[in-house]
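Notes for the one structure printed next.
None of the figures in this text is laboratory data; all of them are computed from the coordinates on show. Just so it is clear, the structure is predicted and the values come from calculations on it, not from any experiment. FYI the Cβ positions are ideal-geometry reconstructions off the backbone, even for glycines, and counts take in every protein chain you see.
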Amino acid sequence: MPTRSQIKRWQHYLAEERAEGAVYAELAVHKTGEEREILLALAEAESRHEDHWRQLLGEHARPPGRPNLRTRVLALLARRFGSVFILALAQRTEARSPYNADDDATPAMAADERIHGEVVRGLASRGRSRLSGSFRAAVFGANDGLVSNLALVLGIGASGASARTVLVTGLAGLLAGALSMGAGEYVSVRSQRELLESSTPDPTAVTAIPHLDVDANELTLVYRARGMSEAKAKAHATEVLAHGVHEGVLPRLEAPDDEHESVGTGLGAAGSSFCFFAGGALIPVLPYLFGLEGTAAVAVAVLLVGMALLTTGAIVGLLSGGPPLRRALRQLAIGIGAAGATYLLGLFFGGG
């Protein structure tokens with residue numbers, strides 16, 4: 001007979017498996033094609049794990065207990081959003097499986113959970129790769145605005161300048177920084193897109209394929225130049241020539257699996273960077289806009305920026321599949337550390 005602690009643990013596992021299966025089923029609703037099939041297969045695997053715990057529990061399988069808060073929140077978010085953030089959270093959940101250290105779980109179940117983590121990692125990486133440069137510019141633009149303008153405001157304020165001077169300086173820093181970030185993102189993204197476009201095969205080059213010398217097979221050099229081994233390039237070029245010459249087909253003149261990174265548009269990245277930098281840079285100025293001065297204004301500015309830094313750090317942590325709290329605290333420490341350095345500099349010059 002199982003002990004009471006075993007029954008409680010098994011009921012918890014049963015609830016967890018049921019909730020995780022529901023997460024994958026909900027995510028599948030928002031997907032199509034191969035991704036949908038993969039998510040449904042994961043849900044089916046979790047159902048098999050449910051059966052294992054249900055058999056062990058027997059009459060104790062009802063009620064199954066409740067999953068932990070993390071899994072319940074994950075299921076709720078999956079029903080509402082079904083985004084890459086949810087996949088990143090699911091990746092972390094699979095990585096925390098206790099089955100390796102539990103003799104009541106079969107070795108196959110423990111192996112399943114590890115592989116599930118890699119499957120979800122692959123699905124999440126697809127979503128991450130599809131994120132445009134605009135999102136990257138938004139997240140890091142907001143962070144830069146928070147840190148740089150807080151540092152500017154604290155440094156000027158610590159020097160003994162009036163609240164009006166700090167306010168004007170903060171607003172000037174907001175506008176100057178937002179314009180600089182927007183212009184920099186535009187140039188960066190446009191340059192990156194132009195570099196990618198320069199490497200894109202000429203679409204008109206395929207018209208030369210029917211006229212190539214089959215024996216010389218110059219097409220082999222094209223695929224070798226794009227990274228294929230000599231043998232693989234020769235085989236692929238021979239296949240392309242056969243189709244092009246004998247069947248009148250003009251295939252794409254590029255190596256298989258040649259994909260370019262999604263970098264977004266220059267204007268989109270510039271607009272996101274401008275708006276989010278300005279939004280971040282506005283936060284440390286808010287206390288002065290509402291008439292606060294001195295220590296009170298500094299304390300409120302630091303508190304507001306600290307909360308915002310924790311939020312952006314947690315978002316980056318979720319997206320990367322890392323621990324959100326650790327990323328949030330790291331972001332907070334870096335931001336407050338930078339602002340603290342300028343505050344001490346302001347105190348030094350103000351005292352002088």
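Please compute the length gained on full extension between VAL187 and LEU347, using 0.36 nm multiplied by the number of residues separating them and subtracting their Cα-Cα distance.
On the way: separation 160, 0.36 × 160 = 57.60 nm, distance 3.73 nm.
This chain segment gains 53.9 nm when fully extended.
Suppose R0 equals 51 Å. What FRET efficiency, 1/(1 + (r/R0)^6) with r the Cβ-Cβ distance, do GLU118 and VAL300 give to the nearest 0.05?
Values: r = 46 Å, r/R0 = 0.89.
So, using R0 = 51 Å, E works out to roughly 0.65.
For GLU20, GLU230, what's the fewest-to-most ordering of other Cβ within 10 Å of each Cβ? Working shown, then result.
Values: GLU20 27, GLU230 11.
Arranged by neighbour count, lowest to highest, GLU20, GLU230 become GLU230, GLU20.
So how far apart, in nm, are the two label points at LEU221 and ALA108 if each is 7 Å from Cα heading toward Cβ?
5.6
By how many nm would the segment from LYS234 to ALA163 lengthen if fully extended, with 0.36 nm per residue of separation less the alpha-carbon distance? All intermediate terms of the calculation are to be shown ahead of the outcome.
Working: separation 71, 0.36 × 71 = 25.56 nm, distance 7.27 nm.
Between LYS234 and ALA163, full extension yields 18.3 nm more.
Using R₀ = 30 Å, calculate the FRET efficiency as 1/(1 + (r/R₀)^6) where r is the Cβ-Cβ separation of LEU325 and ARG48; round to 0.05.
On the way: r = 32 Å, r/R0 = 1.08.
For R0 = 30 Å, the calculated efficiency reads 0.40.
Please compute the length gained on full extension between GLN55 and ASN100, using 0.36 nm multiplied by the number of residues separating them and subtracting their Cα-Cα distance. Mind dumping the intermediate values first?
Numbers: separation 45, 0.36 × 45 = 16.20 nm, distance 1.96 nm.
Going from the current span to full extension adds 14.2 nm.
Given contacts defined as C-alpha pairs under 8 Å and at least six residues apart, what's the relative contact order of segment 275-326, whole-number percent? The partial results should precede the final answer.
Working: 26 pairs, mean separation 12.6, N = 52.
Taking the mean separation of contacting Cα pairs over the length of segment 275-326, I get 24 percent.
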